[in-house]
1. Net charge within 11 Å of Ser372 by Cβ-Cβ distance, Lys/Arg positive one each and Asp/Glu negative one each, not counting Ser372 itself?
2. If you fit an axis through the alpha-carbon atoms of helix 8-23 and take the longest principal axis of the Cα set of the chain, what angle between them do you get, 0 to 90°, nearest 10?
3. Where does segment 221-313 land on Rg(C-alpha)/(2.2 N^0.38 Å)?
4. State the Cα centre-to-centre distance between segment 320-393 and segment 86-161 in whole Å.
5. Which percent of the accessible heavy-atom area of segment 199-325 goes to carbon and sulfur, probe 1.4 angstrom?
6. Can you compute the radius of gyration and Dmax for the chain, using only the Cα atoms, both in Å?
7. At 1.306 mPa s and 10 °C, plugging the Kirkwood radius over alpha-carbon pairs of segment 63-102 into Stokes-Einstein gives what diffusion coefficient in µm²/s?
8. Which residue, Tyr156, Phe137, Val166, has the largest displacement toward the positive end of the dipole of segment 134-241 when charges sit on each Cβ (Lys, Arg +1; Asp, Glu -1)?
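The values are calculated or read from the model by the stated rules, or taken from the named source; none is laboratory data. Note that the coordinates shown come from a computational prediction; the quantities given were computed from them, not determined experimentally. No Cβ is skipped: glycine too gets one built from the backbone with ideal geometry, and neighbour counts run over all protein chains shown. Heavy atoms of the whole protein, side chains included, go into the accessibility calculation; ligands, DNA and RNA do not. Shrake-Rupley method; radii C 1.70, N 1.55, O 1.52, S 1.80 Å.
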Amino acid sequence: RRVHGGSVCSGIMLATLVALVLSRPNPIQPPHLVASPSQSFEDYVTEQGFAVEEHWTTTEDGYILSLYRFPAANASAPVVILQHGILASMWCWVSNDPSRSIAFELSRLGYDVWMTNSRGNTYSRNHTSLSPNTKQFWDFTFAEMGRFDVLANVEYVIEHTSSERVRFVGWSQGTTQMFISALESERGEYLKSKISVFAALSPVTYLDKCDSTLVYILAKLNIGDVLYTLFPYGFLDGSTTMSEVETILCKVTLGAVCKLSVDAICGTSNLDSAKEIEDFAAHFPDGTSMKDVLHYEQFVDSRRFGDFDYGSSGNEQHYNQSTAPAYNLSSLQVPVALFAGSHDDLVPQDDFALLVQQLPAEKIVFQRMYDSFSHMTWFVGVEESWYWFEDLVKVLASV
């Protein structure tokens, strides 16, 4: 489906932005300085020639989330929120060569860019009453991110800009959150009035055919509960060194997963640059709850997309029914643009097709399957793969 502009003004904006992407001369860039794991986000961004602000917002259930902003020179600039995926952070939006980093490029095009951080990652590990050293702090999954984090971020950004509506770009778990948040409900009605378009990069919902080595092995060997016991205070959150985590995983997976590489978690393709993957890994993984990982594991080999499954008795306690409620994707309230890759281990084509089938057709404003793209190509792709960004610019400019 093609994206249609809603007015003469949006058409002019679309033409202008596309022209900028396709024909503008490459600006002189600072050298691509690979960010070390110890380098601050502010220092790295400043070295690349961008102004950056740090902000904080608090969710209804008390989690304190950090947001980073590349402010636009124009106070009335269009606003875009970028939401990362599982185990990632705002770093993913700037990890590629600066001429192919999503946040940097959107900022150059005049957008007011906001990068959010999910609860529990390195940059959002605070709460109004719970300590990260308690199991209660880590008792969450993407379900709570969808119910609370998305709303808190959108409300904060709108309050601190002159824009009444914002564009939202999610990747991986960032899409899962929005799909949950924007379903028919009071929350969904609010987002319907505030989100002009939701661009979903590698949208994760169904995982029936998931080929991610880590997720698949965890599901097949039924070792989620074991890992939940070993990592009750967070998973890959820095409390345990990577080598220690890998040693434990190697043992409990009977040697199936002994190296937590980007490839083992997300998969890669021949369009992904080894150098850019190395740069991405400088700030990945950034932590989440083990329960968050387990929630995804529950979807493997099942055509289910729904709340966390506590088992029959646990579900009765949490939901007053024996089964975990399913998410009704047909009630999505916001326009969605779907960006998928043909070599995505986390979002195989069959699962993507099932998602498309479940969504209301009138809400899908753009849909494309990118040949040979992996789950990571949006961030670590070689120069020849950057053509996809032109489509993103068109989608964002069309509203």
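1. Numbers: positive: none; negative: Asp272, Asp344, Asp371, Glu384.
Taking every other residue near Ser372 into account, the sum is -4.
2. 90
3. Details: Rg = 14.7 Å, N = 93, 2.2 N^0.38 = 12.3 Å.
Scaled against compact globular proteins, the figure is 1.19.
4. Centre-to-centre (Cα) distance: 20 Å.
5. On the way: 2710 of 5380 Å².
About 50 percent, which is the carbon plus sulfur part of the accessible surface.
6. For the chain, the Cα radius of gyration and maximum Cα-Cα distance read 20.0, 62 Å.
7. Numbers: Rh = 12.1 Å.
In µm²/s, the coefficient is 131.
8. In segment 134-241, that residue is Val166.
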